[in-house]
1. For the chain, calculate the relative contact order in percent as a whole number, restricting contacts to Cα pairs under 8 Å that are 6 or more residues apart.
2. Would you please classify the overall shape of the range 223-434 from the alpha carbon gyration tensor, given that a ≥ b ≥ c denote the square roots of the eigenvalues, rounded means a/c under 1.5, and beyond that prolate means a/b larger than b/c while oblate covers the rest?
3. What does the helix-only formula give at 222 nm for the chain: each DSSP H stretch with n ≥ 4 adding -39500 (n - 2.57), the total divided by the residues, and the result rounded to the nearest 500 deg cm²/dmol?
4. In degrees from 0 to 90, rounded to the nearest 10, what is the angle of the helix 262-271 Cα long axis to the longest principal axis of the chain?
5. Roughly how many nanometres apart are two label points built 7 Å out from the Cα toward the Cβ at GLN154 and ARG108?
6. Subtracting the Cα-Cα distance from 0.36 nm times the residue separation, let me have the gained length for ASP31 to PHE87 in nm, one decimal.
7. Can you grab the distance from the C-alpha centre of the range 123-144 to the C-alpha centre of the range 182-217, Å, no decimals?
8. Given a Förster distance of 45 Å, report the FRET efficiency between THR389 and ILE19 from their Cβ-Cβ distance, rounded to the nearest 0.05.
Amino acid sequence: MALINSLLKKWYHLLFVFISLFLVQFPNLHDPARFLAEYAGLAVLWLTVVSTELDRKPFSLHGAYSALVLSTLVAGSFVSRLVLRRFGIFSSPFFAPILLLGLLTDRRLTVSVAVFSSALLIVSIEPSSLEFSLLLVCNIVAAVASSGLKKRLQIVRPAFFAVVCNVSFLLLGFFSKEKVVFDRNLLLSLIMPFLFSVVDLGLLPFVEYASLIYSDIDLVELGNMNHPLIKLLSLRAPGTYYHSAIVANLAEAAAEKIGANPILARTAAYFHDVGKVKRPYFYTENIEDKNPHDELNPKLSHLIVLDHVKYGQELARRHRLPLLVQDVIPQHHGTRVQKYFYHKAKEMGENLSEDEFRYTGPKPQFKEAGIIMLADSVEAAFRSVKNPTASRIRSLVEEIVSGIYNERELDESGLTLKDLEAVADEFARVLLNMFKSRIEYPKEEIKKVIVLAENPAHKSDETPSSDQENSESP
Ligand SMILES: [Fe+2]
Ligand SMILES: [Fe+2]
């Protein structure tokens, strides 16, 4: 029953397999029985290999991921098959769609798509054993080599591996009995992979703009603090800007440590509180002297603070930020209670439940969102620690991580207890390093040098008083 339900839910996947098989076989559809047998085989392969990967988070959160995979595969397979039939396998851009998906999704999903794409082309062209092996191996190599690229120039890596693959199979064909036109194919094998990689790089910004699914290459660019929203945040809410930069450092280090995506964590952290550009003076990090909440009803304060999430989502949508960065804006508070306002309401004798002071959620849905929720709270708490020591920082971090875990806010994030332990270690390490750099700044030394330079005769008189030494403590 569950299997039938999931098949019904994925009816459009089955329709996609049918359309793509029809397109790559058209106009040679002379044998309906064979077509149906191939369709059944490909449908099973899709449902067991690719569809299960698309059920994983974060791909299952947005239909855009399925749409991206399906459309890239249909268009890529159709063009590849046309070129392949007319000009041969070494001219065909069959690995270009795999390369594009490698840049935009993760390695597991891309490898599974590479296997399906090879099977689709294999049934459509009835290749020789050499072509069959080349398609499969080259596609899988392109999938593995294209994921995790962080710079445009690194695109030469999958192209180079594709060239190695092509030339190896060309040589195999040359020395075996298969007929291979060595001269022409050698030139194509060397040039085409680089050409298709450049075409993919050219297509990348358009695909990203349309799908809001970003490659690491463009996430790095988005996180370079030059985005108009980040500039606006730095002007209107400098305290929040500074807070976001520290959250980004914490989140990036923790994501790296547990094998999540540090680039996504850093970029999303920069934008997580972007909604605070509206009424910035209502948020603690921007309050200078008088707290405006002192004169407000706690319920109204709650609504004002809640608005930074809603307004942040609106700004993110308007600026077409990546889907996962948009997700972090509501998820960094999850469904947590604004305890300060709740307790204030209770002290004022108002009979309100905790639920009335909750953020609207949802809870963090992927690891990077969970890490940013933790980093956000840790940074806010660290700000109020007067004289931080290693042990105080460690216990503060542990207290906050355990607290959020016990509130069950991380239940849907995919973070395990082992991950949380590593995240807490990393947060404590990063904060300790920042704290160390602050106290090690040699203020007295600089003063002494200036005095010496101005009047060397004062050398023996310049002994700092005990008061001056004490003023060095942060
Ligand atoms: Fe926030
Ligand atoms: Fe924040």
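Every number here is computed from the coordinates shown, using simple stated rules; none is lab data. All values derive from a computational prediction rather than experimental measurement. Note that each Cβ is placed from the backbone with ideal geometry, even for glycine, and that neighbours are counted across all protein chains shown.
1. Details: 555 pairs, mean separation 50.1, N = 474.
Rounded, it is 11 percent for the chain.
2. Numbers: a/c = 1.39, a/b = 1.17, b/c = 1.19.
It comes out rounded by the Cα gyration axes.
3. Calculated from helices alone, the mean residue ellipticity at 222 nm is -22000 deg cm²/dmol.
4. Once rounded, one gets 50 degrees.
5. 2.0 nm
6. Taking ASP31 through PHE87 to full extension adds about 17.6 nm, to one decimal.
7. Between the Cα centres of the range 123-144 and the range 182-217 lies a distance of 18 Å.
8. Numbers: r = 64 Å, r/R0 = 1.42.
Computed FRET efficiency for THR389 and ILE19: 0.10.
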